[in-house]
Amino acid sequence: MTTSTAARVYNFSAGPAVLPEPVLEQIQDEMMALPGVGSSVLEISHRSKDFEEILDDAVARIKAVMNVPDSHEVLFIQGGGALQNIMIPANFITEPSGVADYIITGAWGKKSAGEVKHYGKLNVAYDGGSTKYNHLPKQSDLKLTPDAAYVHLTTNETIHGIQFPQLPDTGGVPIVADKSSDIMCGPINVSDFGLIYACAQKNAGIAGATIVIVRKDLLERSGDRLASYLDYKKHAQAGSRFNTPSTFPIYVTGLVCKWLQDQGGVEKMESQNKMKSQILYDIIDSSDGFYTGHVLDKAERSVMNVVFKLGSDELDAKFVTDAKSAGLTTLKGHRSLGGIRASVYNAMPVAGVEALAAFMKNFASKNG
Ligand SMILES: *Cc1c(COP(=O)(O)O)cnc(C)c1O
């Protein structure tokens, strides 16, 4: 039941991105008054019992969905991925001579690495920029520092559509992962990570909330040298209410996690995400070169962001325009790479992917 007068399209935006319709409906239902509260979530104190329940529920659901062990804390912080790029070196590099390793497999990792210099020494363990990040490093390509403070990587590079099928071996150095665009896309072993962060606006909610999952022993690293907002420990001690948290985005993340649980959890998401992305990759692979995928190795292609191009910029542009007329929107690739990007996050229904697949076949036969 939707009361909106405008029709919904299939929205392939990379982020902020499509949300599950039941989540939007519940938000709409509860916008005038939350059951038992009588005000909307937008209007209540972040210190109130009612909001505390919403926050606790969202954290509990993240823990349940991702099977977070007791060794790790779940935090909500504002400031997006950009602030995490600063908080991570600030907390974990404890002296200016300290080194952090960055495995750069796309534009987001590059951006993350750019902030290390404010706190310590950056070691670029790998940078695939010279081949436009079209493949991942082999273990032997990594120039890791044995006593690095941590190794940072981006498990799914949203712009280049490249995703680690498994984690590299960092020899016991904690892995810090930007999972902004593939959090909850499938099961992971949280204990493999020192810290996971994800701005919520791709797969786990809306802009304004960032999920941080951090190993509790690492919270002690920063000591008391940091400005308070930058200190993970302060956020943990305050139960994610160090200051006014992003109440509405946290509420939405709770609803998205509930929806995920209702769907059968991340195991179900994984098989569905593989199936959805494969539908598109199959069309690319069988198009006789009409469509070319960006990532070379099939095993490294993202299940979240399908990146490809056509034979010319003009044809790319026509594809985007014609798709839009067919109700398939936001398919233009990132400005740094051009081409096409179809983001097929958890909330993108199979029917949306099938509609795009049919459009792609038709477009290829008309313009090939
Ligand atoms: C979208 C995205 C971000 C966004 O960071 P913000 O600072 O929240 O805009 C960061 N990392 C990755 C991998 C992303 O996909």
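The values are calculated or read from the model by the stated rules, or taken from the named source; none is laboratory data. Computed from a prediction, not measured in an experiment: that's the story for all the values here. Counting neighbours? That spans all protein chains shown, and the Cβs are built from the backbone with ideal geometry, glycine included. Just the protein is used for accessible areas: all its heavy atoms, side chains included, with ligands, DNA and RNA removed. Shrake-Rupley method; radii C 1.70, N 1.55, O 1.52, S 1.80 Å.
Worth a mention:
- Apportionment of accessible area to carbon and sulfur, the chain, percent (1.4 Å): 52
- If the segment from ALA358 to ALA238 were pulled out straight at 0.36 nm per residue, it would be longer than the present Cα-Cα gap by 38.2 nm.
- Taking 0.36 nm per residue of separation and subtracting the current Cα-Cα distance, fully stretching the chain between VAL9 and ARG335 would add 115.1 nm.
- Three-way shape label, the chain, alpha-carbon gyration tensor, a/c 1.5: oblate
- Cβ-based net charge around ALA358, under 15 Å, with every Lys or Arg adding one and every Asp or Glu removing one: 0
- Spin-label model distance (nm) - ASP297 vs LYS366, 7 Å beyond Cα toward Cβ: 3.8
- Surrounding net charge for THR329, when Lys and Arg each add one and Asp and Glu each subtract one, Cβ distance under 14 Å: +3
- Taking the DSSP beta bridges with both ends in the chain, the antiparallel portion is around 55 percent.
- Per residue, the accessible area of segment 26-262 comes to 39 Å², computed with a 1.4 Å probe over protein heavy atoms only.
- Prolate/oblate/rounded label for segment 171-232 (Cα gyration tensor, a/c 1.5): oblate
- What the Cβ-Cβ distance of SER228 and LYS324 gives, at R0 = 41 Å and to the nearest 0.05, is a FRET efficiency of 0.35.
- Simple spin-label estimate for ALA317 and SER45 in nanometres, 7 Å along Cα-Cβ: 5.6
- The helix-based estimate of mean residue ellipticity at 222 nm for the chain, built from -39,500 (n - 2.57) per DSSP H run of four or more residues and divided by its residue count, is -10500 deg cm²/dmol to the nearest 500.
- Global geometry of segment 126-263, whether rounded, prolate or oblate, following the gyration tensor of its Cα atoms and the 1.5 cut on a/c: oblate
- Counted residue by residue at 0.36 nm each, then reduced by the alpha carbon distance between them, the extension gain from GLU220 to ALA351 reaches 42.4 nm.
- Measuring between alpha carbons in the structure, the pairs from LYS111/LYS309; LYS132/LYS179; LYS233/LYS268 lying more than 28 angstrom apart are LYS233/LYS268.
- From the alpha carbon centroid of segment 250-329 to that of segment 49-97 is 28 Å.
- The residues packed around PRO349, meaning those with a beta-carbon under 11 Å from its beta-carbon, carry a net charge of 0 if Lys and Arg are +1 and Asp and Glu are -1.
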